[in-house]
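S.K.: Following this message is one structure expressed as structure tokens.
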Amino acid sequence: MNYKSVYFIGIGGIGMSNLARYFMSQGISVAGYDRVETPLSKALTAEGAQIHYEDRVQLVPAEFLAKERTLIVYTPAVPASHSELQYFWQNDFTVMKRAQVLGEITKTSDAVCVAGTHGKTTVSSMIAHLLRQSEVDCNAFLGGILKNYGTNLLLSDKSRITVVEADEYDRSFHWLQPWIAIITSADPDHLDIYGTPEAYRESFEHFTSLIRKNGYLILKKNISVTPRVDESVKVFTYSESEGDFHAENIRIGGGEIIFDFVSSDNRITDIQLGAPVKVNIENAVAAIAAAALSGVKPDEIRVAMKTFGGAKRRFDFQLKTPEIVFIDDYAHHPQELAASIRSIRQLYPDRKVTGVFQPHLYSRTRDFADDFAQSLSLLDDVILLDIYPAREEPIPGITSRIIFDKIRSKEKTLLKKAELLNFLKDKDMEVLVTLGAGDIEQLLPEIKQLLEKRFIGK
């Protein structure tokens with residue numbers, strides 16, 4: 001891709017930002033627009049990107065208005081009516097979706113692509129860490145900030161492998177050409193795009209058809225996806241306790257999780273999880289399987305899994321003291337919520353668990369209100385915030401209330417986000433978890449400070 005400058009519309013998104021970092025690493029000028037300033041966009045500015053926060057073509061730096069030298073990259077989360085996007089289309093710039101650009105970058109490498117309704121960020125992050133800590137090494141474009149490295153982009157000058165989080169939204173992952181593909185789950189989501197659960201699952205089946213010859217598919221056991229792979233592609237199954245790859249001899253206690261990784265021809269004993277959450281046993285099985293197929297040695301796997309710190313906003317401990325535990329998690333689909341809450345209950349079976357949930361998207365709230373209520377009812381105490389709209393306009397009659405009224409927890413409260421900090425000042429809490437994919441993360445520093453002051457006396 002022979003461009004001197006790249007302009008991003010929606011540059012502050014987690015997936016867009018790693019592409020921006022990639023182009024800057026290649027010495028290419030980067031600028032972009034986003035709706036609001038965030039810690040991620042501030043970091044990009046510090047790294048050399050020129051970013052503005054109003055949708056005005058006049059704010060685009062002059063060098064990015066030369067169409068023969070500039071590539072325009074946009075996220076499907078930006079509406080087609082966006083005036084800057086309209087300007088670039090109307091003036092015949094080269095305009096590409098983020099996923100299309102990622103497909104171009106990775107097609108000349110050995111791409112390890114992790115897809116799934118949930119789990120893909122953690123699994124792809126684990127794979128990247130396993131490869132990075134081995135002789136194999138890798139490049140990686142990830143959907144979360146890895147705590148071990150403080151970034152969502154890893155680059156290598158010696159490895160042909162590129163680890164990619166394969167996003168199913170807007171069928172983005174259909175631009176990829178995997179060498180190894182992992183599918184962690186296919187619970188229906190994004191029905192505003194797909195229309196039906198059947199169409200959603202079909203998109204995963206099409207994704208399997210993109211795996212190159214002599215590649216690999218690692219499929220969660222009992223998932224409702226029928227592979228459409230070339231006959232030369234080897235298909236494996238995995239889960240926590242059964243499948244071609246699975247865990248045995250699981251030991252949980254004292255804040256640690258240790259298990260043996262088992263495949264048809266290998267056993268790696270005494271793997272300790274650096275991010276000791278029960279759901280990560282299964283995530284680790286998938287990641288270790290991909291790493292082993294990529295040539296990572298058993299001893300390298302054992303050492304790397306113990307040092308894996310996790311990705312920010314993925315079961316992310318903010319505070320862990322005898323007085324109060326505070327966890328933040330990106331869970332925004334009913335199945336993710338249930339898995340996260342059950343993991344907390346296993347870690348703290350005798351403590352009251354209070355959850356703050358910010359629903360993400362009107363359409364997702366409409367489509368899964370009953371399932372959200374069922375998952376949130378696993379909490380002792382639910383604090384439900386207003387819907388974070390992201391790319392959507394309001395849908396008449398769709399508010400957080402349609403979830404709230406169906407929640408069965410004894411304690412439940414419906415709040416606006418602006419009311420949350422004041423509400424928490426006197427709240428009886430033992431374990432607090434914030435949940436959602438919206439902008440709730442902006443409150444994390446203030447919530448942490450409040451809890452430290454209340455419970456620890458800092």
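The values are calculated or read from the model by the stated rules, or taken from the named source; none is laboratory data. Because the structure is predicted, anything quoted here is derived from the model rather than measured. Counting neighbours? That spans all protein chains shown, and the Cβs are built from the backbone with ideal geometry, glycine included. The accessibility values were calculated without ligands, DNA or RNA, using every heavy atom of the protein model including side chains. Shrake-Rupley method; radii C 1.70, N 1.55, O 1.52, S 1.80 Å.
S.K.: Could you work out the relative contact order of the chain? I mean the mean sequence separation of Cα pairs under 8 Å and 6+ apart, divided by the number of residues, in percent. Walk me through the numbers before you get to the answer.
M.R.: Details: 933 pairs, mean separation 49.0, N = 458.
So the answer I get is 11 percent.
S.K.: What share of Cα pairs, in percent, lie more than 17 angstrom apart in segment 329-443?
M.R.: Values: 3277 of 6555 pairs.
Tail of P(r) above 17 Å: 50 percent of Cα pairs.
S.K.: Still on this structure: Which lysines, if any, have their Cα less than 17 Å from the Cα of K4, not counting same-chain residues under 8 positions apart?
M.R.: Of all the lysines, those that pass the test against K4 - Cα under 17 Å, at least 8 places apart if same chain - are K67.
S.K.: Report, please, the projected area of segment 96-137 averaged over directions, based on the convex hull of its C-alpha atoms, in nm².
M.R.: Values: hull surface 14.1 nm².
One quarter of the hull surface, i.e. the mean projection, equals 3.5 nm².
S.K.: Once you list every other residue whose beta carbon is under 14 Å from the beta carbon of M126, what net charge do they have if Lys and Arg are +1 and Asp and Glu are -1?
M.R.: On the way: positive: K120, R132, K147, R302, K306, R314; negative: E165, E282, E300.
Taking every other residue near M126 into account, the sum is +3.
S.K.: Amide H neighbours of D110 under 5 Å, counting only residues 5+ apart in sequence or on other chains, H built in-plane at 1.01 Å?
M.R.: I161, T162
S.K.: Also: Using the Karplus curve 6.51 cos²θ - 1.76 cosθ + 1.60 with θ = phi - 60°, what ³J(HN,Hα) values do you get for each residue of segment 376-393, in whole Hz, with x for Gly and Pro?
M.R.: Calculated HN-Hα couplings, in order: 5, 5, 6, 7, 6, 9, 10, 10, 10, 9, 5, 5, 8, x, 6, 7, 9, 8 Hz.
S.K.: Kindly provide the pair-distance distribution of the chain built from C-alpha pairs, with 10 Å bins from 0 and whole-percent values in order of increasing distance.
M.R.: All Cα pairs considered, the percentages come to 4, 20, 30, 28, 15, 3, 0.
S.K.: If you project the alpha carbons of segment 77-181 onto their three principal axes, what span does each projection cover, largest first, in Å?
M.R.: 48, 28, 25
S.K.: Once you've got the Cα coordinates, tell me which of K120/K147; K221/K312; K312/K425; K410/K453 are over 18 Å apart. Mind showing how you got there, number by number?
M.R.: Numbers: K120/K147 16 Å; K221/K312 27 Å; K312/K425 25 Å; K410/K453 27 Å.
Table pairs above 18 Å Cα-Cα are K221/K312; K312/K425; K410/K453.
S.K.: Please work out the Cα convex hull volume for segment 228-275 and give it in Å³ per residue.
M.R.: Details: hull volume 4.8 nm³, N = 48.
Taking the convex hull of the Cα positions in segment 228-275, it is 100 Å³ per residue.
S.K.: Moving on to the next point. Quick one: what are the phi-derived ³J(HN,Hα) couplings along segment 221-234, Karplus 6.51/-1.76/1.60 with θ = phi - 60°, whole Hz, x for glycine and proline?
M.R.: 4, 6, 6, 8, 10, 9, x, 10, 8, 4, 5, 7, 7, 8
S.K.: Here's something else I'd like to know. Full-extension gain between T413 and Q26, please, as 0.36 nm times their residue separation minus the C-alpha to C-alpha distance. Provide the component values of the computation, followed by the final result.
M.R.: Numbers: separation 387, 0.36 × 387 = 139.32 nm, distance 4.94 nm.
The span from T413 to Q26 would gain 134.4 nm if fully extended.
S.K.: For segment 36-114, run through the GluC sites (Glu not before Pro) and keep only the ones in DSSP coil with at most 12 other Cβ atoms within 10 Å of their Cβ. Could you put the intermediate results ahead of the total?
M.R.: On the way: sites: E37, E47, E54, E63, E68, E84, E104; in loops: E37, E54, E68.
Passing sites in segment 36-114 are E54, E68.
S.K.: Can I ask one more? Please work out the average accessible area per residue across segment 190-229, using the 1.4 Å probe convention, and give it in Å².
M.R.: Details: 1870 Å² over 40 residues.
About 47 Å² of surface per residue is accessible.
S.K.: Can you give me the long-range amide H partners of E411? Hydrogens built in the peptide plane at 1.01 Å from N, cutoff under 5 Å, separation of 5 or more residues or another chain.
M.R.: When sequence neighbours closer than 5 places are left aside, the close amide H contacts are V382.
S.K.: Oh, and also: Over the C-alpha atoms of segment 1-85, what are the Rg and the largest Cα-to-Cα span, Dmax, in Å?
M.R.: My reading of the Cα-based Rg and Dmax gives 11.6, 32 Å.
S.K.: So what is the calculated 222 nm ellipticity per residue for the chain, using -39500 (n - 2.57) for each DSSP H run with n of 4 or more, over all residues, to the nearest 500 deg cm²/dmol? Intermediate values should be presented prior to the final figure.
M.R.: Values: 14 runs with 139 residues, N = 458.
The helix contribution divided over the chain gives -9000 deg cm²/dmol.
S.K.: Over the chain, what is the percentage of antiparallel beta bridges among all DSSP beta bridges, to the nearest 5? Don't skip to the end; give the middle numbers.
M.R.: On the way: 19 of 77 bridges.
Around 25 percent of the beta bridges assigned by DSSP in the chain are antiparallel ones.
S.K.: What per residue convex hull volume, in Å³, comes out for segment 155-222 when only alpha-carbon positions are used? Kindly include the intermediate steps, with their values, before the conclusion.
M.R.: Working: hull volume 6.8 nm³, N = 68.
Here the figure is 100 Å³ per residue.
S.K.: Mind checking which lysines have their C-alpha under 21 Å from K297, skipping anything on the same chain fewer than 8 residues away?
M.R.: Within the straight-line limit of under 21 Å, K297 reaches these lysines: K158, K234, K306.
S.K.: Provide Rg and Dmax in Å for segment 310-371, with only Cα atoms included in the calculation.
M.R.: Rg and Dmax of segment 310-371, Cα atoms, are 12.9, 40 Å.
S.K.: Would you calculate the convex hull of the Cα atoms in segment 390-458 and tell me its volume per residue in Å³? Provide the component values of the computation, followed by the final result.
M.R.: Details: hull volume 7.5 nm³, N = 69.
Value for segment 390-458: 109 Å³ per residue.
S.K.: Which aspartates and glutamates, on any chain, are close to K417 with Cα under 17 Å apart, when same-chain ones fewer than 8 places away are left out?
M.R.: D328, D329, D381, D386, D426, D439, E441, E446
S.K.: For D230, what accessible surface area do you get with a 1.4 Å probe? Give it in Å², rounded to 10.
M.R.: 60
S.K.: Of I51, G103, A115, which is farthest towards the positive pole of segment 13-127's charge dipole, taken about the Cα centre with +1 and -1 on the beta-carbons of Lys, Arg and Asp, Glu respectively?
M.R.: Projecting each Cα onto the dipole axis, the largest value belongs to A115.
S.K.: How fast does segment 193-349 diffuse by Stokes-Einstein, in µm²/s, taking the Kirkwood radius from C-alpha pairs at 37 °C and 0.692 mPa s? Present the calculation step by step, with values, prior to reporting the outcome.
M.R.: Details: Rh = 17.4 Å.
Diffusion coefficient, whole number: 189 µm²/s.
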